[in-house]
Amino acid sequence: MNTIPSSDSWHPLSWTGKKALQQPVYKNQQEVDSCLELLQSKPPLVSRGEVDRLLHELAEAASGERFLLHGGDCAERFADCAADALRRKLEVLLQMSLVLTYATRKPVIRIGRLAGQYAKPRSADEEMVDGKTLPVYRGDLINEFAPQEQARKPDPQRMIEGYHHAAASLNYLRALIEGGFADLHHPEKWGAHFLHQCADNADYRRILDAIADAVHFMDMLGGDAAEQLKRVAFYTSHEALLLPYESALTRLEDGDNYYNLGAHYLWLGYRTSQLAGAHVEYLRGIRNPIGIKVGPAMDPLNLVELVKYLNPAQIPGRITLISRFGAGKVKDLLPPVVQAVTKARQSVLWCCDPMHGNTENLPKGRKTRHVKNIFAELEESFKIHAALGSNLGGIHFEQTGEEVTECLGGNVALHDLDDHYETACDPRLNGAQALEMAFLLARLLR
Ligand code: PEP
Ligand code: CO
């Protein structure tokens, strides 16, 4: 285990001197230490070169030359580390990115909430399941989902398991990409399947035809243009929540800079963004690009302080502000935030997460979200940024490739949540609903 620094300078463990919210309490510290020591000896999952490339691309998105698509599970499960599930998630993200390239006329950066999105912040420490009070599920990296007292105990060995599942997932995603995604070359195939399920699709059909034409044209040109279609960059991300795990995957590169090499991109959750808190302390010292969730309780001036603190050198691409206000609130709450950041001359990439402000609680402890509210927040956010002369350069979804029934509405009729309600945390768009978001944006932006 690294030793704790005596001075107040940054160190991968300097966060231990600050208040760390949302951390599990492990029974056996010796076991925790030996797990962390093992993690420190493992090879990184990503490389510094990839992280630097993403930083550069995000800087271009901030200045309007690229567009960011960020999506994946709310809580990824170890069991999701399986070929079909991973392939379908990647497929949907790639299909959406093609539609968004058409919509925005910009190269799209793809970041998955994948290969490590295993830790969840929770609003209470306990929950009632079938009349029993249990410790809450905090994500597969920490405890088990099964509603039993023993399963819910935090187990440090799960950090080792998490690392291996992330490694296997990323390895398969890289292999799929390296092997070429033929599917992307035939939008008429995957698109036809989607359109077939939609009740109202005349507009979408026109969009799909235009995309298919463009893809065929590039294919026909051959050479560089066709190569361009095959080469897709894909990045991974997760919430920087479980700090012992994150610091164990933090590496000093070339003797000068620390990087978290467990993922390309990390974000600061809404519940752990206190300026004096441990999560902010950890994130300020790594070189990765980072996201900051921005919601209703965040004061615009405090946010400006946070942005300055996390990016004192004003490195372009370093900070993405991910707004998540909710369809009813965004109109009043987003403009003051955009104005404060602009006035302070902080260069950030603006991204909209239309999921987390639109969650509704249902009986049986379930949650859902309505597709119409999700899209309404997106539409409103694009309008607000345009009116303020700012640039909304990215979108953030909770989604999966499976045909789950967790969010309501959409063109592919879905009214019954009971069919396939499978999420371990927040409700995700299914494959068709996620693709529909991309088509709706194409209709909005073209
Ligand atoms: C999440 O992205 O899953 C999440 C918990 O978001 P937030 O921190 O914005 O509530
Ligand atoms: Co979530």
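Mind listing just one residue for me: the one in region 318-358 that is of a type in the set (Val, Ile, Thr) and crowded, with 16+ Cβ neighbours inside 10 Å and, of those, nearest to ligand 1 (Cβ to nearest atom)?
Applying the filter and picking the extreme gives Ile322.
Return a yes/no flag: does region 397-404 have any residue that is touching a helix residue (DSSP H, G or I) at 6+ places or on another chain (Cβ under 8 Å), within 16 Å of ligand 2 (Cβ to nearest atom), part of a loop (DSSP other than H, G, I, E, B) and over 20 Å from Gly365 (Cα atoms).
Looking for residues that are touching a helix residue (DSSP H, G or I) at 6+ places or on another chain (Cβ under 8 Å), within 16 Å of ligand 2 (Cβ to nearest atom), part of a loop (DSSP other than H, G, I, E, B) and over 20 Å from Gly365 (Cα atoms), one finds at least one in region 397-404, hence yes.
Out of all the residues in region 294-317, which are touching a residue at least 40 places away in the same chain (Cβ under 8 Å), more than 16 Å from ligand 1 (Cβ to nearest atom) and not hydrophobic (A, V, I, L, M, F, W, C)?
Across region 294-317, the qualifying residues are Pro300, Pro316, Gly317.
Take Val46 and decide whether it is more than 27 Å from Gly285 (Cβ to Cβ) and in contact (Cβ under 8 Å) with a residue 40 or more places away in the chain.
Taking the combined requirement at face value, the residue does not satisfy it.
Do we find that Glu380 is more than 24 Å from Pro107 (Cβ to Cβ), modelled with pLDDT of 90 or more, in contact with a helix residue (DSSP H, G or I) (Cβ under 8 Å, 6 or more places away or on another chain) and among the charged types (D, E, K, R) in this structure?
Criteria met by Glu380.
Residue by residue through region 104-143, note down the ones that are more than 15 Å from ligand 1 (Cβ to nearest atom) and under 20 Å from Lys367 (Cα atoms).
Asp125, Glu126, Glu127, Met128, Val129, Asp130, Gly131, Lys132, Thr133, Leu134, Pro135
What number of residues in region 360-374 are surrounded by fewer than 16 Cβ atoms within 10 Å (Cβ to Cβ) and in a loop (DSSP other than H, G, I, E, B)?
2
Condition first: more than 19 Å from Asn361 (Cα to Cα) and within 16 Å of ligand 1 (Cβ to nearest atom). Now tell me which residues in region 405-436 satisfy that.
If the condition is that a residue be more than 19 Å from Asn361 (Cα to Cα) and within 16 Å of ligand 1 (Cβ to nearest atom), then Ala434 is the only one that fits.
Name the residue, out of Arg152, Arg174, Arg138, that is surrounded by 18 or more Cβ atoms within 10 Å (Cβ to Cβ), under 24 Å from the mean Cα position of the chain (by Cα) and not hydrophobic (A, V, I, L, M, F, W, C).
Arg138
Does any residue of region 84-92 turn out to be within 16 Å of ligand 2 (Cβ to nearest atom) and either crowded, with 19+ Cβ neighbours inside 10 Å or aliphatic (A, V, I, L, M) (or both)?
Within region 84-92, one or more residues are within 16 Å of ligand 2 (Cβ to nearest atom) and either crowded, with 19+ Cβ neighbours inside 10 Å or aliphatic (A, V, I, L, M) (or both).
For region 340-356, give me each residue that is assigned to a loop (DSSP other than H, G, I, E, B), over 17 Å from Ile315 (Cα atoms), more than 11 Å from ligand 2 (Cβ to nearest atom) and touching a residue at least 60 places away in the same chain (Cβ under 8 Å).
none
Restricting to region 174-192, count the residues that are modelled with pLDDT under 85 and aliphatic (A, V, I, L, M).
3
Name the residue that is farthest from Leu100 (Cα to Cα), counting only residues in region 198-213 that are surrounded by fewer than 15 Cβ atoms within 10 Å (Cβ to Cβ) and modelled with pLDDT of 80 or more.
Among those residues, the one meeting the criterion is Ala202.
Within region 313-330, count every residue that is among the aliphatic types (A, V, I, L, M) and not in a loop (DSSP other than H, G, I, E, B).
Residues meeting the conditions: 4.
Residues that are within 21 Å of the chain's Cα centre (by Cα) and within 18 Å of Ala434 (Cβ to Cβ), at least 3 per element: which helices (runs of 4 or more DSSP H) completely within region 1-115 meet that?
83-104
Take the residues in region 251-271 that are more than 22 Å from Arg138 (Cα to Cα) and in contact with a strand residue (DSSP E or B) (Cβ under 9 Å, 6 or more places away or on another chain); name whichever of them is nearest to ligand 2 (Cβ to nearest atom).
So the residue we want is His264.
I'm trying to understand the selection: among the residues of region 409-446, which are without any contact (Cβ under 8 Å) to a residue 60 or more places away in the chain, surrounded by fewer than 20 Cβ atoms within 10 Å (Cβ to Cβ) and closer than 30 Å to Glu144 by Cβ?
The answer is Asp416, Leu417, Asp418, Asp419, His420, Tyr421, Glu422.
Suppose we filter region 395-413 for residues that are at pLDDT below 95, under 20 Å from Leu378 (Cα atoms) and aliphatic (A, V, I, L, M); how many remain?
Total meeting the criteria: 2.
Is one or more of the residues making up region 117-135 within 16 Å of ligand 2 (Cβ to nearest atom) and of a type in the set (Lys, Arg)?
Yes, region 117-135 has at least one match.
Hey, could you check region 263-293 for residues that are small (Gly, Ala, Ser) and under 16 Å from the mean Cα position of the chain (by Cα) and say which is farthest from ligand 1 (Cβ to nearest atom)?
Step by step, filter region 263-293, then rank; the result is Ala263.
Do any residues in region 157-176 that are among the charged types (D, E, K, R) have Cβ atoms under 6 Å from those of residues that are at pLDDT 95 or above, where the two are at least six apart or on different chains, and which pairs are they?
These pairs meet every condition: Arg158/Leu141.
The values are calculated or read from the model by the stated rules, or taken from the named source; none is laboratory data. Keep in mind that what you see is a predicted model, and the values were worked out from it rather than measured. When we count neighbours, we look across all protein chains shown, and the Cβ atoms used for this are built from the backbone with ideal geometry, even at glycine.
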